[in-house]
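Accompanying notes for the structure given below.
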Amino acid sequence: MTSKTTGAAAVACAGLAGLGFVISPDSANRRVSAPVRAASTKAAPSEAGSALTVGAAAATAAGAVAASTRRKSRASRDGAKKRTAVKVTPDDMDEVCEQTGVTLSRYCIELANRGIIDSDLDSILNSIREASKVIAKLVNTAPLQQAELLGLQGEINVQGEDQKKLDVITNDVFKNALRYTGKLGTLASEEEDEPVDGWLGTNESEAIPVLSEEFAETGKYICVFDPLDGSSNVDAGIPVGTIFGVFEEPNMAECELPEDLSAGLTDEQQRCLAGTLQPGKSLVAAGYVLYSASTELVLTFGHGVVGFTLDTSIGEFVMTRPSIKIPARGKIYSCNQANIAEWDEPMRQYISDIRDGKGQAGKPYSLRYIGSMVGDIHRTLLYGGIFAYPADNKNQDGKLRLLYEGAPMSFIMEQAGGKAITGHSRVLDIPPQFVHQRVPVILGSAEDVDECRKYFEESDDPALKERCDRRLKGLVKA
């Protein structure tokens, strides 16, 4: 990273100080400094960083031991109790503070106390909460730090897209916050070529030393995320967001990688990749953070959807939507209608019909489209209707990434009473074949999505059915 971005990295470092670790300003090199355990070292902040300076070889060895220990400990936890389907609202809580209401911290503690989530998942959500505050600050101050935060980084990500400076910085913020929990076995990001170990980086220079055996014995979860969806809109002040999903690491004996994916990978890299490629129906938590007029965090643990708003006066996310339910039918459609001529015929006909009032509702729908996935889906979730990013002639398998965009958003939508399909198939049923696999996404109110599906089911185009079957059978190739 050039010297111009040093100030931005410093902002991220300052915001993450509360998490107890330090990140290097050289974000472009993906270098991660060792987490600082102030409680155990009891050293001054300036002393703690130097006290944890280790050689790359020692760090790599420690990380490898940690990975081995985690694998053994996961096997011993296979019989752990499952979370119960219990919902918690403010009315179920004792002594809610009248000044702050129910904070995200309090909500997660209540869920943990009732056995709905475990302490590891609670810790992961706490880190997501803190990272989101830092990203909100970076997004809000981006116009004031144009040289440091806006514009291109000069790198290309795995999608072939130019990386924005904020893409790189927010990816490091989110990744480092999650790694510090010690509760994650694997991380997968839009900005990373492949999944990485929750403690080990993508190469030896990025290895993070394990600080205690206690940390090494955890890590049964996998987190997938897009740190800043819609980053190209930041320059224009348009809402952007973070999307995340959490899986439990599966029994690795049941996971097999296709030969074309496993070739050239180490055992540890194969483990990370195999554990990550799970269908959306296996998610145990998912959410998104919308950075707009307010910062909103929407979350589900598979038992309904709740919403929180960041109260900057106290630095906490406060529950503002205890139970989000999408209307059964809406009157808004959200898509890039400029591409309608390139869509499959069923999608073209459906959009034309609801636009002209020829659909089941009998009234014309209104078009609302920001061009930022999190913002468009947030509006759809609250007001109803349908959001679509369908396949087209150029992108026959869609444009949105299945693992960390389509699946988490579809999981949230279904938990709120909506539906999510690719055209024929349920999005959550599709097994990813590689980390950055793309997929068509149509989601929203249940009746609207069902109506759209009928257009696809009535189509006599064999190519549509073939593409659908290929996705469901896991035959999509990178």
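Here, each number is a calculation from the coordinates, and none is a lab measurement. Computed from a prediction, not measured in an experiment: that's the story for all the values here. Virtual Cβ from ideal backbone geometry, glycine too; neighbours counted across all protein chains shown.
Laid out as a table, the results:
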{"read-out": "Protection-proxy order for peptides 286-292, 331-337, each taking the mean of Cβ atoms within 10 Å per residue, highest first", "value": "286-292, 331-337"}
{"read-out": "Hypothetical label at residue 361: residues of segment 425-468 whose amide nitrogen lies under 16 Å (7 Å Cα-Cβ projection)", "value": "443-453"}
{"read-out": "For segment 321-337, Karplus couplings with θ = phi - 60° (6.51, -1.76, 1.60), whole Hz, Gly/Pro x", "value": "9, x, 8, 8, 10, 6, x, 4, 9, x, 9, 10, 10, 10, 6, 8, 5"}
{"read-out": "Amide H contacts under 5 Å for residue 438, placed H, 5+ residues apart", "value": "402"}
{"read-out": "Theoretical FRET efficiency, 1/(1+(r/R0)^6), r = Cβ-Cβ of residue 331 and residue 457, R0 41 Å, to 0.05", "value": "0.95"}
{"read-out": "Vicinal HN-Hα couplings computed from phi for segment 409-424 (Karplus, 6.51 cos²θ - 1.76 cosθ + 1.60; Hz; Gly/Pro x)", "value": "5, 5, 4, 4, 4, 5, 5, 8, x, x, 9, 8, 9, 9, x, 9"}
{"read-out": "FRET efficiency, residue 395 to residue 100 (Cβ-Cβ, R0 41 Å, nearest 0.05)", "value": "0.35"}
{"read-out": "Mean Cβ neighbour count within 10 Å, used as a protection proxy, ranking 401-413, 374-386, 185-197, 110-122 highest first", "value": "401-413, 374-386, 185-197, 110-122"}
{"read-out": "About the Cα centre, charge dipole magnitude for segment 332-472 (Lys/Arg +1, Asp/Glu -1 at Cβ), debye", "value": "400"}
{"read-out": "Zone of residue 321's modelled label, taken as backbone nitrogen in segment 278-300 under 14 Å from a point 7 Å along Cα→Cβ", "value": "287-300"}
{"read-out": "Compactness of segment 332-472 as Cα Rg over 2.2 N^0.38 Å, two decimals", "value": "0.95"}
{"read-out": "Under the Karplus curve 6.51 cos²θ - 1.76 cosθ + 1.60, θ = phi - 60°, whole-Hz ³J(HN,Hα) for segment 456-469, x wherever Gly or Pro sits", "value": "6, 5, 8, 6, 9, 7, x, 5, 5, 5, 5, 5, 5, 4"}
{"read-out": "Amide H partners (placed H, <5 Å) of residue 295, local residues excluded", "value": "310"}
